[in-house]
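Right, one structure below, let's go through it.
The values are calculated or read from the model by the stated rules, or taken from the named source; none is laboratory data. All values derive from a computational prediction rather than experimental measurement. So basically every Cβ, Gly included, is an ideal-geometry build from the backbone, and we count neighbours across all protein chains shown. Just the protein is used for accessible areas: all its heavy atoms, side chains included, with ligands, DNA and RNA removed. Shrake-Rupley method; radii C 1.70, N 1.55, O 1.52, S 1.80 Å.
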Amino acid sequence: MKLASKIPLLGLGVVLSLSMAACGGAAASNSVVTATAEVKTDDGLVINGENIADKATYDKAKTQTLSLYSGYTESSESALVAAFTKDTGIKVNVVRLTPNKLAERVQSEQGAGKLGADVIRTSDYRIAKTLEDAKVWKAYDVPGASQFKDVSVDGGQFTRMFNSVYTLGYNTQLVKDADAPKSWNDAVSGKWQGKLGIVQGGSGGSTASLNRFMESKLGGDYFAKYAAQKPTIYDSLGAEATALARGEVAVGTVTISGTNISAVQDKAPVKFIVPDEGLVAYDYYLGMAGSATNVEAAKVFMNYNLSKQGQKVFAQLGEYPARTDVEPPTIMGIKLPAADSGKVYRMANTDAISFGKDDLAKWNKVFGYSK
């Protein structure tokens, strides 16, 4: 296996200071986010007729700069934050790390009594529960969360906001559409030997879900089949996406939202497929830190994430909304299957606990990977 040690690891340890325009500012013309908002602020914050925050909360929030620690893909988080700031006028500083590294930083800062986050986003249920056990979270009942299944966790300790989607993508300058893999099994047929990319199996909830999907749906020998293709192993999704766009690999594991942004906003020569065996959806959670100093801004941010406007932004990025009253995404002309269609695998939280360590140990052994 080839380790991509020389590829810039985008999104690792990146601090983004996103000082976006106030409400009503123009979005980039080629942005994937086109959800329009009617914003009223004369009596709190109301977006498209939905109350996001009362007057006292919003008036205070407008004077604050939110600190967000995020394990979400850098390009996708940047797009969401840009939409949030455009609609609310609230500025956001983002610390972006892969979920596992983020958890290490949060627990280190928490232990030292210096946690700098107001809100934290992570993709891994195990990580979210670990942070709960470490008393990182401040329970917050996001309005409307209780109406939807598996959204509010443990009385609002943390909240599932959307499901990101893992699949296969390809570089269109190297692979013709007609020749692109149509399934997960096509990817390991031998055609792409030495031309495949994959993210190391322990980067977070994304790879945990992908590992479980491969083990439970594609067969116990699928790891070995993929490893036999001599793939290049990347430390993060951002690094693999960059390599795919550059043509350093022809085919690889990708997120639909990352591919969407890369193709539409950056004009990269990349596309994704909907494999015959299905897509892999994995949860993203958001919670308020117990040490939050910008509590009002944190409440507005969490409320916005679960609002219809926020959920439409996630859908336009390429994510499945947590709210069932918002349509599944249509991305780059492809309508994604409904979450309950049988074509979208979502790992149960119990599986994350039961199989997470075993799956990773097997992945590392089969792929010959060590940090």
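Within region 319-328, being touching a strand residue (DSSP E or B) at 6+ places or on another chain (Cβ under 8 Å) and modelled with pLDDT of 95 or more holds for Glu319, Tyr320, Pro321, Ala322.
State which residue pairs qualify: first residue closer than 19 Å to Glu296 by Cα and surrounded by fewer than 23 Cβ atoms within 10 Å (Cβ to Cβ) and inside region 67-81, second residue polar (S, T, N, Q) and at pLDDT 95 or above in any location, beta carbons under 9 Å apart, and separation of 6 or more residues or different chains. That search, which allows pairs on different chains as well, returns Ser67/Asn93; Ser67/Thr293; Ser67/Asn294. Check whether at least one residue in region 159-172 is more than 20 Å from the chain's Cα centre (by Cα) and within 30 Å of Gly252 (Cα to Cα), and report yes or no. Yes, region 159-172 contains at least one residue that is more than 20 Å from the chain's Cα centre (by Cα) and within 30 Å of Gly252 (Cα to Cα). Of all the numbered requirements in (1) buried (at least 21 other Cβ atoms within 10 Å of the Cβ); (2) without any contact (Cβ under 8 Å) to a residue 40 or more places away in the chain; (3) of a type outside the set (Phe, Trp, Tyr), Asp221 misses one, and that requirement is (1).
Among the residues of region 351-371, those identified as under 20 Å from Ser123 (Cα atoms) and crowded, with 17+ Cβ neighbours inside 10 Å are Asp351, Ala352, Phe355, Gly356, Asp359, Leu360, Trp363.
For region 37-66, residues that are in contact with a helix residue (DSSP H, G or I) (Cβ under 9 Å, 6 or more places away or on another chain) and either among the polar types (S, T, N, Q) or not in a loop (DSSP other than H, G, I, E, B) (or both) total 19. Report yes if some residue within region 171-179 is open to solvent by less than 60 Å² (accessible area, probe 1.4 Å), charged (D, E, K, R) and either assigned to a helix (DSSP H, G or I) or at pLDDT 95 or above (or both); otherwise report no. No - not one qualifying residue is present in region 171-179. Considering region 88-123 alone, what residues qualify as being assigned to a loop (DSSP other than H, G, I, E, B) and either open to solvent by less than 60 Å² (accessible area, probe 1.4 Å) or touching a Ser or Thr at 6+ places or on another chain (Cβ under 7 Å) (or both)? Passing the criteria: Gly89, Ile90, Leu97, Thr98, Leu115, Gly116, Ala117, Asp118, Ser123.
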